[in-house]
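I have placed the structure first, in the form of C-alpha cells, so that the comments after it can refer back to it.
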Amino acid sequence: MAPKFNPLEIDKKWQQKWADDRLYEVSEYSPRPKYYALTMFPYTSGDLHIGHWYAMAPSDVHARFRRMQGYNVLHPMGFDSFGLNAENAAINRGIHPYTWTMQNIDNMRRQLKSIGAIYDWSREVITSLPEYYKWTQWFFLKLYENDLAYRGKAPVNWCPKCQTVLANEQVVNGGCERCGTAVSQQDLEQWFFRITRYAEELIQHDGIDWPERTKIMQRNWVGKSTGAEISFALDHPGVEEKEIRVFTTRPDTTFGVTFMVLAPEHPLVARFTTPDNKAEVEEYIAKSRRQTEIERLSTEKEKDGVFTGAYVINRLNGEKVPVWIADYVLLSYGTGAVMAVPAHDERDFAFAKKYGIPIRVVISPPEWQGEELAEAYIEPGTMVNSAQFNGTPSQEGIGAVADYLAEKGWGGHAVTYRLRDWLISRQRYWGAPIPMVYCEKCGIVPVPEEDLPVLLPEDAQFKPTGESPLTYHEGFVNTTCPQCSAPAKRETDTMDTFVCSSWYFLRYVSPHYDTAAFEPDKMKYWLPVDIYTGGAEHTVMHLLYVRFFTKAIRDMGLIDFGEPVTRLFHQGHIIAERRKMSKSRGNVVNPDEYVTDLGVDAVRTYFMFLGPWEQGGEWDDSGLSGISRWLNRIWNLVLDDYNQRSGSDPSGISEAERELSRFTHQTIRKVTTDLERLRFNVMVAALMELTNYLTKVKEDGRIGRPAWDEAVETLILLLAPSIPHLAEELWQQIGNEYSVHNQDWPLWDEELAREDEITLVVQVNGKLRDRIAVPASITEAEAKEQALGSERVKTYLQGKETVKTIYVPGKLVNIVVR
C-alpha cells in the first residue's frame, strides 16, 4: 500500500530543496536555445488574490513545459512598486510609502514562492528602489537628448481627491479610475514623451503573434486619418496670424463650409473675439474647463457653442466663414480647429440647425433636385456647387481638391493621428523623480548622468495640497545648476508609473548591473521576449507604451530590435460577484487558505481546469475537492503495487500493450499541443483521461511490468509542469534520479499513436453504397455520423425519409429509407 498522501509536507519539502539547489536559476551560458517567458509583474497592493494566481500559475506551467522541451527558460518576477496607492497609504495611515511598499513586497514574495513557480528570484526587480529608478531616470535623459521628452503647457485631467494629473486612459466615465472622483481640466506645465513620433509604427504589428483584437484596439487608439490640411485666410485687427489651418478627411466638401469651430482653449480665441461676444465666450470657456475630454466628446451630449464675432475666408470660393467655439473640439487633437460642413456631417448638421447656420449641399445624393436635406448626407455622390469640380465623383474629388490646394499653396494631402503625446508628469512623491533642474540663467538643464539617481528624500511631508510633497522639501528642491553652478531648483514632479514598467523586461536580464540599464551581451541573448502573458486591459496603456519605449531606444542604437514581445497572450479574469476582483471593491479571495487546506498543486490545477484561460470566469471553489481527489488517485495509482495477472495469454499481453502504447502516445501528442496553445483546461482533461485509462489497465493486470513502469514514468513527466510538487515526489518514490524537472519532455511517435482502422460498409436499404476507412475504436454514434455524411450515400438519401439506421459494430451501417 502507498503511504498516505500529504500535499503540505510535499510542497514544503520540494520548495525548500529547489531553493537550496538553486534549481531554477538560469544562465546565459547554456547550449540550449533561449526562451524568455514573461508574466506581467504585480502592483504592490499588499496581497495576492485568486485573480493574481489565475494569471501566474498557468503561465508557470507553460514555462516549465518549455524548460522540459529543452529550452533555457527565463521566467522572472518582480514588483511594480511606485504609485498612488502607496502614497495614499502614507497619508491615510501615517506610514511612509517605502515602509508600506516593502512590507507588501515581503508578503507578496512569500505568496509568489508558495505557487511553486520556476521564478529565478536572483533576478528580482523592484521599481521603487534606487538601483532600478536610477535607470528609469537615465532613460528619461536619453529621451530628452533625442527630442522625445519635452515640457509644455497643456490642459490636463485633474483628480481633486488624489491631487494629481491623470492620463486620458486613467479617466473612466468622467471619473478617476482609482477613486471615482469627477475629473476636471487644468492648465499645467507638464512633461511629455513624444509618442506621436512613432504613431505610424505603432499601428503596424508585422512579424509578431498578438491577438487580433489587441492589434485592432491599438490601431483604433492611435487613430490614423488620411485627408488634407487646408488653410483658411485670417485678417483680423491686432492678430499677427494670417491663417487658420484645419485637417479634414473630406476635402471634397470644402465648398460646403458654412462655419468654423475652434477649441475653447485655442490661443486665438482671446485675441480675435469681438467685444460684443467677449462675455459669452469667456463664460463658455469657463464651463468647458469643468468638463473632462471624455465628457466633451460624448456622443450623448448635445453639441453647443458660442460665436466669437470673428471670420475667416474660404480660399476656394472667397466666402467669409463665421468662427465659433465649441467644447467638442479639442486643442490637443489636430490643429484645434474644425471646418464645418453641415450638409455632409451629422454633428455639424445638428449644430447648424440649432443655431440657424446655412446648410449648403456640395455632394449630391442620388436623384437630388436641389431640395433641402432632412438630414446630413454622408455617403458618396457627385460634387455640386463646387466650381470647377462640379460633376466629379466625390471619392475622386478627395484627391483632386487636395492636389489643387497643394498647387495653390493653400494646403494639400495630410495624415493625422488621434494619439496624443504621453503625459508623464505626476504631482506626487512616490514615483521616480524627473532628473531636471531649473536655472534662472541657463533655463531647463538635465541632471548629469554621473549624478544619478536623483534620490527621493526619506523625510518628505505628505499633505494633500495639489502639489508634490517634494515641492516643500527644501533639501530636495534647492540645488545648484549643473552648467553654471548658480543656485537652482529641482523638478518636483515624478514620473508616471507606466514609465517604470515600460522597460522592466530589459532589466531582468541583468538586474544588478551597475554601469548601464542592462548588460548588452545578455540583452542580445535574451531579447526580445518570446511570450508575454497578462490582461487585455493593458492594451492601450502599458502595451502601447512598452512598444514606444522599445522603438525609441532602438533608434538610439541601444538595442537592435523594434518589438519587445514576439507572442502575446491575454488570460481572462477571475471575477467575484460578477466583477473583477479588487481590494477597493472588497471582493478579493485570498488563495492562502486553499493552499493550506489542499496544497499548492490542487490550487494550481483547479485554475487551469476552470475553463479556457483566455475567458476567465466566476470564482467557485466547489470543484477544488474533485481536483484534490484526482491527485490522491494519481498518488495511489503510481505507488500501490502493480500485480500482473498470472497465466495471461502472450497474445493478449501484446494486444493490451499495443493499446496502452497507442493511448499514451496519443495523450503525449494532445498534452504537448494543448500546452503549446495554452489550452490548459483540455490539457488537464487529457491527463485525467490517461489516469482513468491507467487505472483500468492496472485493474486488468494484463500488461507486463516494463510496459507499466514506462507508462507511469510518462504520466509523471506529463504531470510535472502542472503539478510540480507531486510529480517530483512520485519521481523520487519510484527510484528515479532528481529532478523530474530536469528530464526531457516525452515525444510521441505518430505511428504508435495512429488508431487501427477498419473498413465500414455503408448500405442504403441493404444495398452497398460506400466503404469508409474508420478508426477501430469508433463508437456507434460516430459510425452513423460518418455514414450519413458520405457524399456517395447522400445521393441515395435525397428526397427520402430515413426510417431507421442499423449499426453492426465494427462492420456496417444500414440506412433504411422510404
| message | If a residue must be open to solvent by 10 Å² or more (accessible area, probe 1.4 Å) and modelled with pLDDT of 85 or more, how many such residues does region 573-588 contain? | response | 1
| task | List every residue pair whose Cβ atoms lie under 6 Å apart, where the two residues are 6 or more positions apart in sequence or sit on different chains, the first residue falls within region 122-142 and is at positive phi and touching a residue at least 24 places away in the same chain (Cβ under 8 Å), and the second residue, located anywhere, is surrounded by fewer than 23 Cβ atoms within 10 Å (Cβ to Cβ) and outside any strand (DSSP E or B). | result | none
| Would a scan of region 752-761 turn up a residue that is touching a His at 6+ places or on another chain (Cβ under 9 Å) and buried (at least 16 other Cβ atoms within 10 Å of the Cβ)? | yes
| request: Considering each of D235, D276 in turn, give the residue that is modelled with pLDDT of 95 or more, more than 26 Å from L419 (Cα to Cα) and either in a helix (DSSP H, G or I) or open to solvent by 20 Å² or more (accessible area, probe 1.4 Å) (or both). | output: D276
| task | List every residue pair whose Cβ atoms sit under 6 Å apart, with the two residues 6 or more apart in sequence or on different chains, where the first one lies in region 623-643 and is more than 18 Å from V600 (Cβ to Cβ) and the second, anywhere, is assigned to a loop (DSSP other than H, G, I, E, B). | result | N636/A2; L639/A2; D640/A2; N643/G701
| said: Given the criterion charged (D, E, K, R) and without any contact (Cβ under 8 Å) to a residue 24 or more places away in the chain, identify the matching residue among E265, E241, E300. | reply: E300
| task | Return yes when L768 is open to solvent by 50 Å² or more (accessible area, probe 1.4 Å), under 22 Å from R658 (Cα atoms) and not in a loop (DSSP other than H, G, I, E, B) and no when it is not. | result | no
| Only one residue in W138, W100 is aromatic (F, W, Y) and in contact with a Leu (Cβ under 7 Å, 6 or more places away or on another chain). Which one? | W138
| Can you find a residue in region 303-317 that is at negative phi, part of a helix (DSSP H, G or I) and surrounded by fewer than 17 Cβ atoms within 10 Å (Cβ to Cβ)? | no
| Odd one out for R347 among (1) under 30 Å from A154 (Cα atoms); (2) crowded, with 18+ Cβ neighbours inside 10 Å | (2)
| remark: Only one of (1) crowded, with 17+ Cβ neighbours inside 10 Å; (2) at positive phi; (3) modelled with pLDDT under 95 does not apply to Y333, and that is (2)
| task | Run I285 past the list (1) outside the structural domain of V338 (by TED's automatic domain parsing); (2) in a helix (DSSP H, G or I); (3) of a type outside the set (S, T, Y); (4) surrounded by 14 or more Cβ atoms within 10 Å (Cβ to Cβ) and report the number of the one that doesn't hold. | result | (1)
| query | Across region 22-54, which residue is surrounded by the fewest Cβ atoms within 10 Å (Cβ to Cβ) among those that are polar (S, T, N, Q) and under 27 Å from G535 (Cα atoms)? | reply | S45
| query | Out of curiosity, is A270 farther than 24 Å from G318 by Cα and modelled with pLDDT of 90 or more? | reply | yes
| said: Which pairs turn up if I take residues in region 697-723 that are in the same structural domain as R645 (by TED's automatic domain parsing) and closer than 16 Å to E655 by Cα and look for partners that are assigned to a loop (DSSP other than H, G, I, E, B) and charged (D, E, K, R) with beta carbon separation below 7 Å, at least 6 apart in sequence or on another chain? | reply: G701/R645; R702/R645
| So which residues in region 144-160 are within 25 Å of G175 (Cβ to Cβ) and among the aliphatic types (A, V, I, L, M), if there are any at all? | A154, V156
| message | Go through region 401-445 and report how many residues are open to solvent by less than 20 Å² (accessible area, probe 1.4 Å) and on the phi > 0 side of the Ramachandran plot. | response | 1
| What number of residues within region 725-737 satisfy the criterion of being farther than 16 Å from W630 by Cβ and in contact (Cβ under 8 Å) with a residue 60 or more places away in the chain? | 3
| remark: Within region 210-232, the count of residues that are assigned to a helix (DSSP H, G or I) and of a type outside the set (D, E, K, R) comes to 7
| remark: Checked region 593-623 for anything within 33 Å of the chain's Cα centre (by Cα), surrounded by fewer than 16 Cβ atoms within 10 Å (Cβ to Cβ) and in a helix (DSSP H, G or I); matches are E593, T596, D621, S622, G623
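Residue-wise test of (1) touching a helix residue (DSSP H, G or I) at 6+ places or on another chain (Cβ under 8 Å); (2) of a type outside the set (S, T, Y); (3) surrounded by 19 or more Cβ atoms within 10 Å (Cβ to Cβ).
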site	(1), (2), (3)
I91	no, yes, no
T99	no, no, no
I126	yes, yes, yes
P130	no, yes, no
Q163	no, yes, yes
N173	yes, yes, no
G180	no, yes, no
| query | Taking region 350-393 as the search range and keeping residues that are of a type in the set (S, T, N, Q) and part of a loop (DSSP other than H, G, I, E, B), which one is surrounded by the most Cβ atoms within 10 Å (Cβ to Cβ)? | reply | S386
| said: Restricting to region 241-254, name every residue that is open to solvent by less than 10 Å² (accessible area, probe 1.4 Å) and within 14 Å of V312 (Cα to Cα). | reply: I244, V246, T254
| query | Could you give every pair whose Cβ atoms fall below 7 Å, whose first residue belongs to region 1-20 and is buried (at least 18 other Cβ atoms within 10 Å of the Cβ), and whose second residue is polar (S, T, N, Q), counting only separations of at least 6 or pairs across chains? | reply | F5/N632
| request: Could you please give the count of residues in region 74-89 that are open to solvent by less than 10 Å² (accessible area, probe 1.4 Å) and in a strand (DSSP E or B)? | output: 2
| Which one of F518, F548 is under 15 Å from F193 (Cβ atoms) and crowded, with 19+ Cβ neighbours inside 10 Å? | F548
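The values are calculated or read from the model by the stated rules, or taken from the named source; none is laboratory data. What you see is a predicted model, and the numbers here were worked out from it, not measured in a lab. Every residue, glycine as well, gets a Cβ built from its backbone with ideal geometry; the counts of neighbours run over all protein chains shown. Accessible surface areas use protein heavy atoms only, side chains included; no ligands, DNA or RNA. Shrake-Rupley method; radii C 1.70, N 1.55, O 1.52, S 1.80 Å.
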